[in-house]
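Structure, as structure tokens:
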Amino acid sequence: MTTRQLQDLIEKMSTDEKLAQITQLNPVCFGFPYITPLTGPDPGLRIDRNLASSIGSVLNCDNASDAAAMQKAHLQEDPHSIPLLFMADIIHGFKTIFPIPLAMGCSFSPSNIEEASRIAALESSVSGIHVTFSPMGDLVRDPRWGRVMESFGEDPLLNSMLCAASVRGYQGADVRQPYHIASCIKHFAAYGAPEGGREYNTVDMSRGILHETYLPAYRSALQAGAEMVMAAFHVFDRVPASASPYLLSRILRDEWDFQGAVISDFNSVGELIAHGVARDGKEAAEKAISAGLDIEMMSTHYMENLNISLQEGTITEQMLDDAVLRILSLKNKLGLFEHPYKDASPEAEKKYHLCPEHRAAARRIAGESIVLLKNEGILPLDTNSLLGLTGPFSRSPHVLGGWSAGNTEGVSLYEGLCGKIPSSRIKINEWGEAGSALEENSDIDVIPEDLIASFRDCPIVIAAVGENQIDTGEGASKTVLRLSPHQEQLLQVLSEAGKKVIAVIFSGRPLEIFPVLPYCAAVIQAWFPGTEAGNALADILFGDVNPSARLSMSFPYTVGQIPVYYNHFNTGRPRVPSAPPTRYISAYLDCPEKPLYPFGYGLSYSDFIYSDMKLTQGEGGTGSDSKGLTASITVTNASPVDGIETVQLYIRDMHASVVRPVKELKDFCRIFIPGGEARQISFRITKETLSFYQTDSFLFDPGYFEIMIGKNSEDTLSETIYIDETFIGKQEKEMP
Ligand code: BGC
């Protein structure tokens with residue numbers, strides 16, 4: 001249909017029908033007996049039955065038969081035969097579950113994210129889904145917040161690249177094509193910075209940090225073509241995001257020229273009352289639609305009130321028509337007017353869900369997302385080893401993590417190990433519980449006497465520990481990030497009994513593992529690896545896969561350091577390693593100010609050595625890219641083991657009009673280097689690379705820059721250079 005035809009259609013719709021069109025409810029409201037968990041209050045159906053037939057979209061229907069039945073009934077009843085749009089939370093896979101996004105972020109691989117999203121789109125499209133509420137572009141710095149698992153991490157560049165890749169994977173070149181779905185980037189904006197890491201809490205930050213650090217990922221998703229945006233729950237700059245003219249109109253529409261539909265989060269329109277910016281549902285609805293919020297999810301304040309608001313003139317017909325046009329345009333783009341069932345097909349569900357090709361991709365991507373944090377030469381394991389296996393995740397299938405689209409089981413670690421060595425060589429004694437902060441502490445705090453005895457013949461014991469997957473995701477903020485006391489005790493007792501302990505840690509966030517490091521000969525950060533968890537872990541443990549993942553989020557020594565992230569500002573009194581110790585610096589008395597493991601950190605079975613860093617000036621490229629610098633380095637794999645290294649470029653603007661971070665990731669290169677070989681890696685540095693947010697736009701400030709290349713945000717080689725307005729760099733050994 002053309003836009004003109006869509007506008008003609010809107011002209012024929014009554015106001016009530018338009019309001020229903022911009023309302024989203026779950027299948028229960030359509031008479032389907034769904035028992036999907038709700039992440040907010042159940043709206044019931046306080047609307048006229050007749051109007052239910054004009055509702056525009058459905059939340060979280062999860063199979064082709066129901067979607068088709070709902071669509072069929074709807075098309076018969078809707079006076080204009082406008083098809084329903086089915087939207088759902090497909091976060092890290094639909095049936096084939098991939099690692100949690102925070103883990104996939106560790107792969108530093110846009111192609112992995114694109115592939116996982118493509119498969120998720122295929123599997124969900126055949127189940128009748130048209131839009132996913134993903135990716136989550138919220139940058140995160142506080143692991144107390146349960147939703148860090150849904151983010152690609154703490155870095156704006158990595159986040160931006162991976163969000164864009166995710167959108168490409170979901171949408172393909174054209175969402176109308178079979179097996180593609182539209183992407184809704186969320187939660188606009190800066191939802192990942194709640195005070196104290198407490199869910200739904202206030203966010204307060206400077207405009208500079210907002211633009212430079214928190215907004216780029218959403219923007220990059222939109223530049224990649226994301227069709228929708230979800231407004232967030234929280235208060236930003238004293239205004240709830242769902243009714244923020246600054247976020248929804250000024251930034252999204254005016255500055256970024258976004259033409260697609262903006263949806264509320266679950267009942268976030270109703271929550272304007274609790275926030276204290278609306279007296280009642282009517283005022284809440286008026287404020288939200290006036291700010292630019294097109295669709296109301298899981299509450300009916302628009303439907304119940306905006307008719308009256310129109311009559312009173314508090315809102316205009318144009319606002320309503322604009323919102324309706326945006327959702328109809330998306331339906332049109334998806335081809336739903338011609339093909340209302342799009343890809344929904346029970347046969348295709350059987351063919352594609354969890355098919356071998358998808359599982360193979362999940363296994364490979366999980367292998368590239370699991371981070372090796374510590375290795376005292378014990379890994380990889382020898383297939384002739386006699387292994388002990390203990391801990392609550394030994395045989396647990398609950399390894400998918402939050403937001404797993406209703407799936408519950410993946411390959412357990414034990415099953416994965418059995419795929420590599422005969423079960424007779426694995427002594428399993430799965431003591432321990434993955435306790436949840438939601439439950440009473442269990443009473444199993446005394447390690448059974450026979451536990452150590454059962455590992456008599458095993459010099460190496462794998463302890464599969466971590467947090468319960470229900471402690472991750474929405475509504476899962478925590479203040480204690482340590483392993484449970486009995487898990488910590490388990491590691492200690494094993495170590496004191498002389499065992500070489502390999503801790504495999506399952507979690508949706510960086511945990512506080514510093515206290516147990518002395519007991520572990522190796523530590524593998526598994527995250528929640530998804531459907532193929534056990535197989536991917538076994539690949540790493542036995543060296544069939546050489547670990548290549550690098551942390552997408554810093555690990556704190558202790559929760560008291562949080563937020564601790566690599567790209568912080570310098571203070572007026574930073575620690576100067578060469579200066580004599582003094583108390584009056586920006587530090588802690590009882591803990592380092594640096595993280596335990598920094599952003600970008602991760603070990604490999606190869607040994608990569610960096611040398612020969614060079615900066616060269618040169619012309620080349622086009623436009624503002626025509627003058628620039630090239631930073632290059634030689635990376636040698638000094639081991640016989642082939643491996644993938646992620647070479648990272650960081651830059652520090654030494655003096656500028658405003659304070660700049662001590663370093664910022666500006667580029668990276670994931671490169672395979674065969675054992676014994678070396679590769680030269682080059683990065684191009686342009687004006688854009690060095691620009692930062694200065695009152696309304698990104699500009700470059702001439703001056704000194706420190707260019708750093710290394711294997712993580714701490715371990716780098718560096719050169720300092722002066723760059724003037726013409727962008728002709730002049731290398732200086734020392735600054736004046
Ligand atoms: C979450 C969103 C999600 C929505 C629909 C909300 O509670 O914040 O991320 O998309 O529920 O399930």
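Coordinate-derived values only; no laboratory data. What you see is a predicted model, and the numbers here were worked out from it, not measured in a lab. With ideal geometry, Cβ positions are generated from the backbone for all residues, glycine too; neighbour counts draw on all protein chains shown.
Remarks
- Nonlocal amide H pairs with Leu596, under 5 Å, H built at 1.01 Å: Phe555, Tyr557
- Judged by the ratio a/c of the largest to the smallest principal axis of the C-alpha gyration tensor, region 204-320 counts as prolate, that ratio being 1.5 or greater while a/b is larger than b/c.
- Neighbour cut-off at most 13 other Cβ (10 Å), DSSP loop, GluC sites (Glu not before Pro), region 345-445: Glu376, Glu439, Glu440
- Applied to region 453-469, the Karplus parametrisation 6.51 cos²θ - 1.76 cosθ + 1.60 on θ = phi - 60° returns per-residue 3J(HN,Hα) values of 4, 5, 9, 3, 8, 10, x, 10, 10, 8, 10, 8, 10, x, 9, 5, 4 Hz, with x for Gly and Pro.
- Value of relative contact order over the chain, rounded to a whole percent, pairs C-alpha under 8 Å and six or more apart: 13 percent
- In a simple Cβ point-charge model (Lys, Arg +1; Asp, Glu -1; nothing else charged), the chain has a dipole of about 1040 debye relative to its Cα centre.
- Between Arg4 and Ser423, the distance separating the two model label sites (each 7 Å from Cα on the Cα→Cβ line) works out to 7.0 nm.
- For region 588-615 and region 666-698, distance of Cα centres in Å: 17 Å
- By the rule of a C-alpha distance below 17 Å, with chain neighbours fewer than 8 residues away ignored, the aspartates and glutamates paired with Lys663 are Glu154, Asp155, Glu212, Glu593, Asp653, Glu688, Asp701, Glu706, Glu714, Asp715, Glu719.
- Between Lys333 and Glu409, the FRET efficiency estimated from the beta carbon spacing at R0 = 30 angstrom works out to 0.25.
- For region 541-554, the Karplus equation 6.51 cos²θ - 1.76 cosθ + 1.60, evaluated at θ = phi - 60°, returns couplings of 4, 9, x, 5, 10, 8, x, 10, 6, 10, 4, 8, 8, 5 Hz by residue, with Gly and Pro reported as x.
- Couplings for region 389-401, taken from phi via the Karplus curve 6.51 cos²θ - 1.76 cosθ + 1.60 with θ = phi - 60°, read 9, 9, x, x, 9, 4, 10, 7, x, 8, 10, 8, x Hz in order; Gly and Pro are left as x.
- Potential lengthening of the chain between Phe569 and Phe32 amounts to 188.1 nm, from the contour at 0.36 nm per residue minus the alpha-carbon distance.
- Per-residue Cβ neighbour rank within 10 angstrom, fewest leading, Leu699, Leu84: Leu699, Leu84
- For the chain, the longest site-free run once trypsin sites (Lys or Arg not before Pro) in DSSP loop states with at most 12 other Cβ atoms within 10 Å are removed: 47-237
- Site pair Ala579 and Gln318 shows an inter-label distance of 5.8 nm when each label is modelled 7 Å from Cα along Cα→Cβ.
- Ordering Asp16, Asp724 by the number of other Cβ atoms within 10 Å of each residue's own Cβ, fewest first, gives Asp724, Asp16.
- Divided by 2.2 N^0.38 Å, where N counts the residues, the Cα radius of gyration of region 341-405 comes to 1.65.
- Taking amide H positions as modeled 1.01 Å from N, with prolines and chain starts lacking one, the residues under 5 Å from Ala476 and 5 or more places away or on another chain are Gly146, Arg147.
- Think of region 381-517 as having a plus end and a minus end, set by charges on the Cβ of Lys, Arg, Asp and Glu; of Gly473, Leu387, Phe455, Leu387 sits farthest toward the positive end of this dipole.
- Hits among lysines - C-alpha to C-alpha of Lys282 under 29 Å, sequence gap 8 or more where chains match: Lys12, Lys18, Lys186, Lys331
- Across region 638-735, Cα pairs under 8 Å and at least six residues apart give a relative contact order of 27 percent.
- Using the empirical formula 2.2 N^0.38 Å as the baseline, the Cα radius of gyration of the chain reaches a ratio of 0.98.
- Qualifying GluC sites (Glu not before Pro) for region 550-656 [loop in DSSP, other Cβ within 10 Å: at most 15]: Glu593
- Above-threshold pairs, the threshold being 23 Å between Cα atoms, out of Lys427/Lys499; Lys594/Lys687; Lys499/Lys711; Lys95/Lys374; Lys420/Lys500: Lys594/Lys687; Lys499/Lys711; Lys95/Lys374
- Over all directions, the projected convex hull of the C-alpha atoms in region 29-142 averages 8.8 nm² in area.
- Near the amide H of His568, within less than 5 Å, lie the amide hydrogens of Val662, Lys663, all on another chain or at least 5 residues away, with H placed in the peptide plane.
- Region 329-367: chymotrypsin sites (Phe, Trp or Tyr not before Pro) falling in loop per DSSP and having at most 15 other Cβ within 10 Å: Tyr341
- Here the gap between Glu496 and Lys12, fully extended at 0.36 nm per residue and compared with their Cα-Cα distance, gives a gain of 166.5 nm.
- Farthest toward positive dipole pole in the chain [+1 Lys/Arg, -1 Asp/Glu at C-beta], among Val167, Val446, Ile681: Ile681
- Over the chain: helical MRE at 222 nm, DSSP H runs n ≥ 4 each giving -39500 (n - 2.57), nearest 500: -7000 deg cm²/dmol
- With neighbours defined as other Cβ atoms within 10 Å of a residue's Cβ, the residues Asp42, Asp667 order from fewest to most as Asp42, Asp667.
- Separation of region 165-236 from region 379-405 is 33 Å, based on Cα centroids.
- Here the extension length gained between Leu699 and Ser249 equals 159.6 nm, from 0.36 nm per residue of separation less the Cα-Cα distance.
- Model label points for Arg198 and Asp607, set 7 angstrom from Cα along the Cα-to-Cβ axis, are 5.0 nm apart.
- For region 555-710: relative contact order, % (alpha-carbon pairs under 8 angstrom, 6 or more apart): 23 percent
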